[in-house]
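Here is the structure we will look at.
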Amino acid sequence: MKSSSTEFFAGKQTPTWGINGSYLGPTIRASRGDQVSFDIVNNLEETSTLHWHGMRLPAVMDGGPHQMMEAGSVWKPYWTIEQPAATTWYHPHLHGKTALHVYRGLAGLFIIEDEDSTALPSEYGVNDIPIIIQDKLVKSDGSFKENMGLTPFGLLGNQILINGTYDPYLKVTTSQIRFRLVNGSNARAYNLGFADNRTFYLVSSDAGLLPEPVKLDRLLLSPGERAEIVVEFEAGEETILHSFAGKGGIENGEFDLVKIIAETSLLKSSQLPNQLTAEPPIDVPENAKVRKFEMTTASAINGKEMDMNRIDEVVPAGAREIWEITNTGWDHNFHIHDAAFTVMDKNREAPPIYERGRKDTVFIPNGTTVRLAVEFGSYPDPNTPYMYHCHLLYHEDSGMMGQFVIVEPGTESQVSQQLPKGNHDH
Ligand code: C2O
Ligand code: CU
Ligand code: CU
């Protein structure tokens, strides 16, 4: 991780941060069952962390606020990938600084593959295309305005970067393209579709493939969420991936994201499978524990501001629980580390069709109660918490975050609610 500069706008150098480059980081691709390890080198002049968003792993490897990396230090996380194929991502998570560090450019994709996912278009950069969507507030000299608390939601930008490119186009050479859409923005939600209103197939949500492809023409993605779609193209045509005006709040604004130009002759792709995965949807047992969370306009969850030394929830390893979250304030969303969930309902009604897959982040507009069927990871560690939080990064930094530990089932009551001061693994 280092700071340098990037030329997004012709003739202008924008100060940026990047990982193995000047802006964003490399796409990592691994298979279910792989063991992975990293040497993360912090060559910044300040402390940061690197969190694996969407990954099931031991808490000490999670890269959250407790795995701080001081300037000049090296962190060597490792784990075995034990979860279905998904488009996950990584980004810093230093408490109070996440918004700024992500905004400056520290983020990247981590693709997990398995037998199911490789039955879809999988030639990276050819018919398997990442689309990391970020909005920036750009000053006339090309630098980013760094006012993280500009609106009640945080910073909303006036320019869009896709994979760190301003005003991009993509030439496609095959009749089907799989896009891995990642909302890597601080606060903005995108109401995605195509300028010509063509339909597309949703094949995967944050945390894994859907049972079968779902035909859509719009898809809302709030910060931190991912979706994989498959789109069909005819030779010689052009369209634009577009973000349509939404309801206001974090769904405001309208943007062209990527122009797509199909070559005059296209390689014919194979038919989309009818069944994408046999992985059962996440559900909860009859007597599942229910935990309730309240989000308002305050920088807190359940009235409590994030405290690095307080354990808010204790969850038995491998538990399946109902998390019920009510938002009576600004637009928020909710992300849980080391977990995957399905959205049971929103205001007691079935969620929108694009939110019915396996997820780890869910949009909760003001005035909404959402119930999640959550499946937690299974590495117990009573001393190192995972996070749950609003993924509007300014909200998260301001205190809209809580901590939970995963423990050996039956040992819940032995966990102390306070972590010893200074218990931060380096
Ligand atoms: Cu994308 Cu707790 O993070
Ligand atoms: Cu995360
Ligand atoms: Cu929020």
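Any read-out appearing in this document is the output of simple, stated calculations on the displayed coordinates, not a laboratory observation. Nothing here was measured: the structure is a model prediction, and the numbers come from that model. In this analysis, Cβ positions are derived from the backbone assuming ideal geometry, glycine residues included, and neighbour counts consider all displayed protein chains.
Summary table below
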item: 5 angstrom amide H check on V138, placed H, neighbours 5+ away; result: K145, N158, Q159
item: Whole-Hz ³J(HN,Hα) from phi, Karplus 6.51 cos²θ - 1.76 cosθ + 1.60, for the stretch 194-205, glycine and proline x; result: 10, 4, 8, 6, 4, 8, 8, 10, 7, 10, 8, 10
item: At most 16 other Cβ within 10 Å, DSSP loop - GluC sites (Glu not before Pro), the stretch 196-262; result: E234, E237, E254
item: ³J(HN,Hα), Karplus 6.51/-1.76/1.60, whole Hz, each residue of the stretch 245-251, x for Gly, Pro; result: 4, x, 7, x, x, 7, 9
item: Highest-first arrangement of 31-37, 65-71, where packing means the average Cβ count within 10 Å; result: 65-71, 31-37
item: Long-range amide H partners of Q83 with built H, under 5 Å; result: G33
item: Antiparallel content of DSSP bridges confined to the chain, in %, to 5; result: 75
item: Debye log10 I(q)/I(0) at q = 0.22 Å⁻¹ for the stretch 177-312, Cα point scatterers; result: -1.34
item: Candidate aspartates and glutamates - alpha carbon under 20 Å from K171, same-chain residues fewer than 8 apart omitted; result: E123, D128, D196, E228, E232, E234, E237, E238, D256, E263
item: Rounded to 5, percent antiparallel among DSSP beta bridges of the stretch 72-226; result: 75
item: Where the Cα pairs of the stretch 146-204 fall when distances are cut into 5 Å bins, in %; result: 4, 12, 19, 25, 18, 11, 8, 4, 1
item: Residues D345, D338 arranged by fewest to most Cβ contacts within 10 Å; result: D345, D338
item: For the stretch 2-114, alpha-carbon Rg and Dmax in angstrom; result: 14.4, 45
item: Normalised contact order of the stretch 128-267, rounded percent, pairs of Cα under 8 Å and 6 or more residues apart; result: 28
item: Mean Cα-pair separation over length for the stretch 344-395, i.e. relative contact order, pairs under 8 Å, 6 or more apart, %; result: 40
item: Helix-only [θ]222 nm of the chain, DSSP H runs n ≥ 4, -39500 (n - 2.57) each, per residue, nearest 500; result: -500 deg cm²/dmol
item: Kirkwood-Stokes translational diffusion coefficient of the chain, alpha-carbon pairs, 25 °C, 0.890 mPa s, µm²/s; result: 113
item: Average Cα contact separation per residue, the chain, under 8 Å, 6 or more apart, as relative contact order %; result: 16
item: Sites matching trypsin sites (Lys or Arg not before Pro) across the stretch 332-426 that sit in DSSP coil, with at most 10 neighbouring C-beta atoms within 10 Å; result: R348, K421
item: Per-residue HN-Hα couplings for the stretch 339-348 [Karplus 6.51, -1.76, 1.60; θ = phi - 60°; Hz; x = Gly/Pro]; result: 8, 9, 9, 10, 7, 6, 6, 10, 6, 6
item: 5 angstrom amide H check on L257, placed H, neighbours 5+ away; result: L241, H242, S243
item: Order by protection proxy (mean Cβ within 10 Å, highest first), peptides 303-311, 203-211; result: 203-211, 303-311
item: Net charge dipole size for the stretch 2-114 [Lys, Arg +1 and Asp, Glu -1 on Cβ; Debye, nearest 20]; result: 200
item: Coordinate range along principal axes, alpha carbons of the stretch 40-83, Å, largest first; result: 35, 16, 13
item: Percent antiparallel among DSSP beta bridges (both partners in the stretch 2-114, rounded to 5); result: 80
item: Cross-link table K12/K97; K136/K259; K215/K289; K259/K359; K97/K145, entries beyond 24 Å C-alpha to C-alpha; result: K12/K97; K215/K289; K259/K359
